[in-house]
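Got a structure here, written out as structure tokens. Questions coming.
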Amino acid sequence: MSKKIFLDKNENPYKPSKNIIKELERFDIASLKFFPEYSPKKLDEEMSKYFNIETDNIISVNGMYEAFACIINSYDKHKIFLLEPYRDLYTKILLYYKMHYDIIKANEDYNISLKKNMKNNNSIIIASNPNAETGLFINIKEIEEFLKHYEGIYIIDESYINFAGESAIKLINEYQNLIIIRSIAHSHSISGLNINFIISNSKNIENMSTLRQKYGINKIFETIAIASVRDEKTAYKNIFDIVLERERLDTILSKEGFIVVPSRANFILIKHVNKTSNYIYDELIKRNIVVKKYDNDNILTDFLRITVSTHKINNILINELRDIVSN
């Protein structure tokens, strides 16, 4: 195989909405002479409709770095905890901002036990749901039960929620300590924009808005994002196809001796009963297939994380994995 296949970053394999081209053709090029709005009000308004919330419950930000800066700097005297397994990106951001953090260990089955994570009211817990490494999903009832007793700040990264189930957004006005980070990068095939959305109660959003980067999202990116969310048909079809492929991969690889963690995201986490993850990773690299592997000190070191791609690409992956584990 001559052309590399990248299955390590959870990017959507399908094309984004054709509406983007139409909107860009109508875009007022002359407006590029002027700076964008301090904050992307049009995008905030459009996304509030998409998430079915009020406009004062959301701000659009320039990626996870800005999202973390707005949230954590609003609670600068709080101690930060990362729920294991956590995204590599979290530690990179916290190190970049020189913010100290501690780790809350996961259970042996890689599930997250919320009940045992009752930190004090000066703490911030950062988690993802579905988990951004395993794909495991915590239902909203368990999250709500946790919030009834937890007094610190609870941040949920819901970047993959469109592949999973019910969002915790409905809880933001009931629980003042809940902050959600959302994305449409994976669901709408627009990872190249690097836009995120912070969602919380209006008081929290007002405080975080003062820390938001001015001119953070340019006019063209705002136009593309709005065009994407207005085309629900394309996004839903792509999400549906990915979920079907995810379940197909799970079924087939389970029969080939792989342990497949039950994922609710657009990727799967696997390990083989006889072959090591390092061996399989190296063999895939030889075949120009790139997946995500974990460092030796990571709780997931025995696993590989693989992005769910198109039917054709997934078949190539399946055939190569079969060949690798049979030798």
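State which residue pairs qualify: first residue on the phi > 0 side of the Ramachandran plot and inside the range 244-263, second residue part of a helix (DSSP H, G or I) in any location, beta carbons under 9 Å apart, and separation of 6 or more residues or different chains.
Sorted first by the residue in the range 244-263, then by its partner, the pairs are G257/V325.
Got a number for residues in the range 224-262 being within 22 Å of F27 (Cα to Cα) and in a helix (DSSP H, G or I)?
Adding up the residues that qualify gives 9.
Same structure, new question: Picking from T251, T276, which residue would you name as being over 28 Å from K15 (Cα atoms) and modelled with pLDDT of 95 or more?
Residue meeting the stated conditions: T276.
State whether the residues of the range 118-127 include one that is modelled with pLDDT of 90 or more and out of contact with any Phe, Trp or Tyr (no Cβ under 7 Å at 6 or more places or on another chain).
Yes: the range 118-127 contains one or more residues that are modelled with pLDDT of 90 or more and out of contact with any Phe, Trp or Tyr (no Cβ under 7 Å at 6 or more places or on another chain).
So that you can scan it fast, the table gives a plain yes or no per residue for (1) over 17 Å from the mean Cα position of the chain (by Cα); (2) surrounded by 15 or more Cβ atoms within 10 Å (Cβ to Cβ):
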residue: T223; (1), (2): yes, yes
residue: A227; (1), (2): yes, yes
residue: D231; (1), (2): yes, yes
residue: N238; (1), (2): no, yes
residue: L249; (1), (2): yes, yes
residue: K255; (1), (2): yes, no
residue: V260; (1), (2): yes, yes
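Being of a type in the set (S, T, N, Q), touching a residue at least 60 places away in the same chain (Cβ under 8 Å) and farther than 26 Å from K293 by Cβ narrows it down to one residue among N121, N173; which is it?
From the options N121, N173, the qualifying one is N173.
Scan the range 313-324 and give yes if some residue there is in a helix (DSSP H, G or I), of a type in the set (S, T, N, Q) and buried (at least 19 other Cβ atoms within 10 Å of the Cβ), otherwise no.
There is at least one residue in the range 313-324 that is in a helix (DSSP H, G or I), of a type in the set (S, T, N, Q) and buried (at least 19 other Cβ atoms within 10 Å of the Cβ).
Yes or no, residue by residue, for (1) farther than 29 Å from E46 by Cα; (2) among the acidic types (D, E); (3) under 17 Å from the mean Cα position of the chain (by Cα):
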residue	(1), (2), (3)
K98	yes, no, no
N122	yes, no, no
K170	no, no, no
E174	no, yes, no
L193	no, no, yes
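Would you tally the residues in the range 296-312 being open to solvent by 10 Å² or more (accessible area, probe 1.4 Å) and farther than 20 Å from K3 by Cα?
Residues in the range 296-312 being open to solvent by 10 Å² or more (accessible area, probe 1.4 Å) and farther than 20 Å from K3 by Cα: 7 in total.
Being over 14 Å from Y50 (Cα atoms) and not in a loop (DSSP other than H, G, I, E, B) narrows it down to one residue among N162, N207, N173; which is it?
When all the criteria are applied, what remains is N207.
The values are calculated or read from the model by the stated rules, or taken from the named source; none is laboratory data. The shown structure was predicted, so the numbers you read here are calculated from the model rather than taken from an experiment. Quick reminder, even Gly has a Cβ in these numbers, built from the backbone with ideal geometry, and neighbours come from all protein chains shown. Heads up: the accessible areas ignore ligands, DNA and RNA and are worked out on the full protein's heavy atoms, side chains in. Shrake-Rupley method; radii C 1.70, N 1.55, O 1.52, S 1.80 Å.
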